[in-house]
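Asks: Got a structure here, written out as structure tokens. Questions coming.
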Amino acid sequence: MSSTKETKTLTFKIKRFNPVVDDEPYWDTYELDCDDGTTVLIAIQELIAKQDGSIAMRYNCRAGVCGSCALLVNNKYMLACETLVLQLNKKVIKLEPLPSYPVIKDLVVDMSQFYEKLLAIDPYLKRDHSKDPETEILQIPEDFHIIEEATKCILCGACHSSCVSVWTDTNYLGPGALLKAFRFTNDTRDEDRRERLKRVTSEDGVYRCHTAFNCVEACPKELNPTEAIQTLKRQSAKQTLKFWSRS
Amino acid sequence: MIKVSETENIVHQSQVETDSHGSKFYRWFKPFSRGIGMYSWLAQRLTGLLLIMYVFIHFGIIGTMLLDTFLGFETPGLLYNSITAAMGSSLVAGMGFPEVVESMLRFSYIIDAGLIAALVYHGYNGIRVVLFDLGIGIRKQKQIFWILLILGIISYILAMYLIMIVPEIVLAGE
Amino acid sequence: MKLSPSQETKVKRFIPKHSGSSAFWWVLQRVSGFLVFLFVFFHMVVNHYLTLWPGMESRPELEDGIASFSAVQWKMQNPLYFWISILFVVFLMLHMLNGFRMVVLDVATGHSFRKIFGILLLLIGVLAVIYAFTLNSTILSLG
Ligand code: HEM
Ligand code: HEM
Ligand code: SF4
Ligand code: FES
């Protein structure tokens, strides 16, 4: 890492929209001095503090773990708190809220549909707790390895926002919820696999996925929701079409 | 003063109507954060729909094989033969082009050129999708796309070469 | 986990009431796609490249062309070819109509519409197969 404090004046174009008063979204342009430690989030905070207090932005952890700051930065999905502005190598930095969610104000979107879909797949371990050991429920590394990547999802909602099927079919569960479904369906400690697979087996479940890989392209954590959905499709098809062994 | 529940309503209504990125399937064509995976799917869809149209036209044309009989003419298949012959005749006949160009510029060849391009793309990309459904190569989807595209182009050139050249050799040899 | 009543109705929307035969059609789309790949290859050989085989160019049936009426009539006399053609139509219809259904279901989410639309497509498919069978057997009977 270079320790030289390089500063550059960059232009920020922010898509503004307040649905209560504005008819149409519009663009505001700001100039800001940035150095090689400035993240997109820091830049927005400075703009709010020094230039325009009316910009709305959501963040919490500032460390890439809470998933509340996902944005469209120069047409790419990114976490504002993890993206260094100088590394974008652009003079003009365009910031937009996540597409396909309703805008609450400026860069803040209403993600309730994403969370509701998440709740629909029961995102918690289901098992007969009466037989649980006194201490934690152990899992061997090989079993954890199956779901390791999926557990890293921070629920930023970028994948859901990028998905071609979500855009047209509002009932489609979407890559975020389905990645979560994969994570619990294939957790060896979970005992509800059959019901879980039933939950995702429908025209608005796994089979609405067209493998366009937009979610993989979008995920700022570089996870692969498509691979998880493909696995669920195969598991679901196996379970559904084995009618002779259906309980 | 507006009650809280009412402001909620106002906000919600306008949110739905003015999602700042346009709505529904127009977004398929808006270029943001896209990779080759998305475009290959879009092309799969467009070629699939084109092929459906072709199949219906195709069924119409092969249906003319029976039309003479239904109309009560003596020679079955004459109508079909004349239609396909007309489609196979040069579009620029007698316009002073060299013979090679004349023979290549036929309605049926031009249709075939487009049809086989769509078919080869759809078929090879279809194989790619089936591979992913079997769990093969999902993390190498971009490389697989380019490999299959190159294979597809080779197959396409071969297919068109055979369609255009081989019957000509046979005819010339007679 | 406890949800509030209003949350619960919203979440319930995403729990499938009709899993229907979605898994079946998904598998069929892959299988039929693969089979259509083979059938189309065969179809192209028969209708464009038949003269690559030695002796074919001198067959009287092919005099008017590889895909002419007499050529088709001659090919249809082989029962294997006849039935391969029918199977081709069956799998092509399954694939192409289900493919069209996938495109339409992307934008049409109503359950009853989906059901009626599916039945309509099934009907079109059956009609197409009947059409092909009638066509093939009539061509054969004219020979
Ligand atoms: C040549 C061999 C073919 C193969 C291997 C093949 C394979 C496939 C596969 C795997 C899909 C699923 C794509 C997805 O889920 O995203 C598909 C979709 C489709 N196919 Fe084919 N196919 C072939 C030929 C055809 C033909 C001849 C037609 C039309 C007459 C056709 C029409 C369609 C349509 C309309 C779709 C739906 C597209 C979409 O949902 O995006 N296919 N094909
Ligand atoms: C471009 C060149 C093509 C030519 C010259 C051609 C020619 C023919 C001919 C002469 C027939 C009459 C019946 C037979 O021989 O089976 C036929 C039937 C048929 N073709 Fe093609 N075809 C072509 C491409 C295609 C393609 C790309 C498809 C599918 C996507 C297709 C699908 C069919 C079907 C489903 C039938 C009906 C078979 C039957 O009635 O039994 N054809 N074609
Ligand atoms: S899979 Fe990636 S893009 Fe989707 S919610 Fe999780 S972290 Fe965000
Ligand atoms: S602020 Fe928590 S992920 Fe960016």
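Asks: Being more than 20 Å from the chain's Cα centre (by Cα) and within 16 Å of ligand 3 (Cβ to nearest atom) narrows it down to one of B:Gly88, B:Gly77, B:Gly35, B:Gly96, so name that one. Reasoning before the result, please.
Replies: Working: B:Gly88 fails: within 16 Å of ligand 3 (Cβ to nearest atom); B:Gly77 fails: within 16 Å of ligand 3 (Cβ to nearest atom); B:Gly96 fails: within 16 Å of ligand 3 (Cβ to nearest atom).
Step by step, each of B:Gly88, B:Gly77, B:Gly35, B:Gly96 is checked, and only B:Gly35 is more than 20 Å from the chain's Cα centre (by Cα) and within 16 Å of ligand 3 (Cβ to nearest atom).
Asks: Residues being among the aromatic types (Phe, Trp, Tyr), within 10 Å of chain B (Cβ to nearest Cβ) and in contact (Cβ under 8 Å) with a residue 24 or more places away in the chain: count how many of those fall in region C:70-103.
Replies: Looking only at region C:70-103, we keep the residues that are among the aromatic types (Phe, Trp, Tyr), and these are C:74, C:81-83, C:88, C:91, C:100.
So of that shortlist, the ones also within 10 Å of chain B (Cβ to nearest Cβ) come out as C:100.
From what's left, in contact (Cβ under 8 Å) with a residue 24 or more places away in the chain: none.
The qualifying residues number 0.
Asks: Which members of region C:82-111 meet the condition of being part of a helix (DSSP H, G or I), over 15 Å from the mean Cα position of the chain (by Cα), surrounded by fewer than 16 Cβ atoms within 10 Å (Cβ to Cβ) and more than 11 Å from ligand 1 (Cβ to nearest atom)?
Replies: Passing the criteria: C:Val107, C:His111.
Asks: Could you tell me which numbered condition A:Ala120 fails, if it satisfies all but one of (1) touching a Ser or Thr at 6+ places or on another chain (Cβ under 6 Å); (2) farther than 30 Å from A:Cys34 by Cα; (3) aliphatic (A, V, I, L, M)?
Replies: The one condition A:Ala120 does not meet is (1).
Asks: With the requirement that a residue be crowded, with 16+ Cβ neighbours inside 10 Å and in a helix (DSSP H, G or I), what does region B:55-82 give you?
Replies: At the first step, the residues of region B:55-82 found to be crowded, with 16+ Cβ neighbours inside 10 Å are B:62, B:64-66, B:68-69, B:76-77, B:79-81.
Those that are crowded, with 16+ Cβ neighbours inside 10 Å and in a helix (DSSP H, G or I): B:Ile62, B:Asp68, B:Thr69, B:Leu79, B:Tyr80, B:Asn81.
Asks: Could you go through region A:12-21 and let me know if any residue there is at pLDDT below 90 and more than 27 Å from the chain's Cα centre (by Cα).
Replies: Yes, that holds for at least one residue.
Asks: Moving to a separate point now. Here is a check on your reading of the model: is A:Ser100 modelled with pLDDT under 95, crowded, with 21+ Cβ neighbours inside 10 Å and among the small types (Gly, Ala, Ser)?
Replies: Yes; evaluated as a whole, the condition is true for this residue.
Asks: Scan region A:169-208 for residues that are crowded, with 24+ Cβ neighbours inside 10 Å and either hydrophobic (A, V, I, L, M, F, W, C) or within 14 Å of chain B (Cβ to nearest Cβ) (or both) and jot them down.
Replies: A:Tyr172, A:Leu173, A:Pro175, A:Ala177, A:Leu178, A:Leu179, A:Ala181, A:Phe182, A:Val200, A:Val206, A:Tyr207, A:Arg208
Asks: Quick one: would you say A:Met57 is within 22 Å of A:Ser161 (Cβ to Cβ), away from chain B (no Cβ under 14 Å), of a type in the set (A, V, I, L, M, F, W, C) and more than 16 Å from ligand 1 (Cβ to nearest atom)?
Replies: Working: within 22 Å of A:Ser161 (Cβ to Cβ): yes; away from chain B (no Cβ under 14 Å): yes; of a type in the set (A, V, I, L, M, F, W, C): yes; more than 16 Å from ligand 1 (Cβ to nearest atom): yes.
Considered against the rule, which asks whether it is within 22 Å of A:Ser161 (Cβ to Cβ), away from chain B (no Cβ under 14 Å), of a type in the set (A, V, I, L, M, F, W, C) and more than 16 Å from ligand 1 (Cβ to nearest atom), A:Met57 comes out as yes.
Asks: Turning to a different aspect of this structure: Residue check, A:Lys5 against (1) within 16 Å of ligand 4 (Cβ to nearest atom); (2) part of a loop (DSSP other than H, G, I, E, B); (3) away from every other protein chain (no Cβ under 14 Å), all met but one. Which one?
Replies: (1)
Asks: Follow-up. Within region C:15-53, restricting attention to residues that are facing chain A (nearest Cβ under 10 Å) and within 10 Å of ligand 1 (Cβ to nearest atom), which residue is surrounded by the most Cβ atoms within 10 Å (Cβ to Cβ)? Walk me through it before giving the result.
Replies: Kept after step one, since they are facing chain A (nearest Cβ under 10 Å), are these residues of region C:15-53: C:15-27, C:29-30.
This time we only want the ones that are within 10 Å of ligand 1 (Cβ to nearest atom), so: C:26, C:29-30.
Working: C:Trp26: 24, C:Gln29: 21, C:Arg30: 16.
Restricting to residues being facing chain A (nearest Cβ under 10 Å) and within 10 Å of ligand 1 (Cβ to nearest atom), the top hit is C:Trp26.
Asks: In region A:43-55, is there at least one residue being surrounded by fewer than 19 Cβ atoms within 10 Å (Cβ to Cβ) and within 28 Å of B:Lys30 (Cβ to Cβ)?
Replies: Initially, region A:43-55 is screened for residues surrounded by fewer than 19 Cβ atoms within 10 Å (Cβ to Cβ), giving A:45-46, A:48-54.
Pick out the ones that are also within 28 Å of B:Lys30 (Cβ to Cβ) and you get A:52, A:54.
Yes, because at least one residue in region A:43-55 is surrounded by fewer than 19 Cβ atoms within 10 Å (Cβ to Cβ) and within 28 Å of B:Lys30 (Cβ to Cβ).
Asks: If you don't mind, another one. State yes or no: is B:Tyr80 at the interface with chain C (Cβ under 9 Å from one of its Cβ atoms) and either without any contact (Cβ under 8 Å) to a residue 24 or more places away in the chain or in contact with a Pro (Cβ under 9 Å, 6 or more places away or on another chain) (or both)? Even if it seems obvious, please write down each step before you answer.
Replies: Numbers: at the interface with chain C (Cβ under 9 Å from one of its Cβ atoms): yes; either without any contact (Cβ under 8 Å) to a residue 24 or more places away in the chain or in contact with a Pro (Cβ under 9 Å, 6 or more places away or on another chain) (or both): yes.
The answer is yes for B:Tyr80.
Asks: Which residues, taken from region A:123-168, are among the hydroxyl-bearing types (Ser, Thr, Tyr) and either within 13 Å of another protein chain (Cβ to nearest Cβ) or within 20 Å of B:Met38 (Cβ to Cβ) (or both)?
Replies: Within region A:123-168, the subset among the hydroxyl-bearing types (Ser, Thr, Tyr) is A:124, A:130, A:135, A:151, A:161-162, A:165, A:168.
Within region A:123-168, A:Tyr124, A:Ser161, A:Ser162, A:Ser165, A:Thr168 meet the criteria.
Asks: Do we find a residue being away from ligand 3 (no atom under 11 Å from the Cβ), assigned to a loop (DSSP other than H, G, I, E, B) and touching a Leu at 6+ places or on another chain (Cβ under 9 Å) anywhere in region A:150-171?
Replies: Just the residues of region A:150-171 that are away from ligand 3 (no atom under 11 Å from the Cβ), to begin with: A:164-171.
Pick out the ones that are also assigned to a loop (DSSP other than H, G, I, E, B) and you get A:169-171.
Applying the additional criterion that residues be touching a Leu at 6+ places or on another chain (Cβ under 9 Å) yields A:169.
Yes, region A:150-171 has at least one match.
Asks: So, one more: Restricting to region A:60-84, name every residue that is among the polar types (S, T, N, Q), surrounded by 22 or more Cβ atoms within 10 Å (Cβ to Cβ) and away from chain B (no Cβ under 14 Å).
Replies: Residues of region A:60-84 that are among the polar types (S, T, N, Q), as a first pass: A:60, A:68, A:74-75, A:83.
Still in the running and surrounded by 22 or more Cβ atoms within 10 Å (Cβ to Cβ): A:83.
Across region A:60-84, there are no qualifying residues.
Asks: Oh, and also: For region A:174-224, which positions are in contact (Cβ under 8 Å) with a residue 24 or more places away in the chain, within 20 Å of the chain's Cα centre (by Cα) and part of a loop (DSSP other than H, G, I, E, B)?
Replies: A:Asp204, A:Gly205, A:Cys209, A:His210, A:Ala212, A:Cys219, A:Pro220, A:Lys221, A:Leu223, A:Asn224
The values are calculated or read from the model by the stated rules, or taken from the named source; none is laboratory data. These figures come from a predicted structure and were not determined experimentally. When we count neighbours, we look across all protein chains shown, and the Cβ atoms used for this are built from the backbone with ideal geometry, even at glycine.
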